[in-house]
Amino acid sequence: MPKLLLADDDTELCQLLHEYLTQEGFEVALAHDGATAAKLILDHSFDLMVLDVMLPNLNGFDVLKTVRKESQVPILMLTARGDEIDRIVGLELGADDYIAKPCNPRELTARIRTILRRTENVYSTKHKKLQSVHLGDVYINPASREVLLNNEVVKLTATEFDILYLLMSNAGTLVSRDDLSEGCLGRTLEAYDRSIDMHISNLRRKLGPDTKGDERIKTVRGVGYQYVALDS
């Protein structure tokens, strides 16, 4: 039974979602302020946190920053509908994805399951057949979900890992933003949705330039991204 932490100061909404998610087979803990949410997620074992931006004590962004210093647990942000700035900031700080409030419980459940399928510890036969990729100084292993840069572990969120693996597996080939969204976020890319762009920005920052000092991930403006293939 996957364990979720739902952090939102709207107690009525929390109870509604708690009841719905429990019926859907999740074990759900609740937190109504940021300080409690940060302590719970770091002190206990959860599979995913649903985190509202607007929380007392510590807001959602502060909780996200605190958690990302120690943990890469998947985090789904709850943002105000139409508030693009909150979405961008959340993704910059390491959120895996976002969903706008008020959200449909069914859609929230689908988003949660999409993320958990990518991060589950027990892999299906299909996952076991995925091949590791080694390009230059970067090694990525889908079985252990581990990324090494110059033999040092790089901490990536679940979504960042999936995007990097998809790009590296298709090095030298353009991968569209739509394909990245559907393959790594499990949803169709919405108009003006910058989720993929922000995850790419995070990857560039964490990996830095390649061994020649060039950019690892090339932007094809308006279309998608390409992991630069190394010369043989």
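Every number in this text was worked out from the coordinates using simple rules, so none of it is lab data. Everything quoted here is computed from the prediction, not taken from an experiment. Please note: Cβ atoms are built from the backbone with ideal geometry, for glycine as well, and neighbour counts cover all protein chains shown.
A few points about this structure:
- Inter-site label distance for THR219 and ALA35 at 7 Å from Cα along Cβ, in nm: 4.1
- Size of electric dipole in the chain: Cβ of Lys, Arg +1 and of Asp, Glu -1, about Cα centre, debye, nearest 20: 740
- Stretch gain in nm, segment LEU230-ASP9, where the contour uses 0.36 nm per residue and the Cα spacing is subtracted: 74.6 nm
- Sequence-distant residues sharing a close amide H with LEU93 (under 5 Å, placed H): none
- Mean projection of the Cα convex hull over all viewing directions, computed for the chain: 12.7 nm².
- Counting every pair of alpha carbons in the range 3-119, the share spaced more than 25 Å apart comes to 10 percent.
- The chain: antiparallel DSSP beta bridges as a percent of all, rounded to 5: 45
- Extending 7 Å from Cα along the Cβ direction at ARG106 and again at ALA171 yields two label points whose distance is 4.4 nm.
- Pair THR211, GLU84: separation of 7 Å Cα→Cβ label points (nm): 4.0
- Pairs of lysine residues in the range 99-232 that meet both criteria, 8 or more places apart or on different chains and Cα atoms under 22 Å apart, total 4.
- Extreme residue, positive dipole direction of the chain, given options SER144, HIS134, TYR20 (C-beta unit charges): HIS134
- Positive dipole terminus of the range 148-230, leading residue within ILE163, GLN226, LEU207 (C-beta point charges): LEU207
- By the count of other C-beta atoms within 10 Å, a proxy for reagent exposure, ILE88, ILE200 are ordered fewest to most as ILE88, ILE200.
- Local net charge near ALA7, Cβ-Cβ under 10 Å (Lys/Arg +1, Asp/Glu -1): -4
- The residue among LEU116, ALA100, LEU6 whose Cα reaches farthest toward the positive pole of the charge dipole of the range 3-119, with charges on the beta-carbon of Lys, Arg, Asp and Glu, is LEU116.
- Angle in degrees between helix 158-169 and the longest Cα principal axis of the chain, rounded to the nearest 10: 20
- Net charge of neighbours whose Cβ lies under 12 Å from the Cβ of GLY94, counting Lys and Arg as +1 and Asp and Glu as -1: +1
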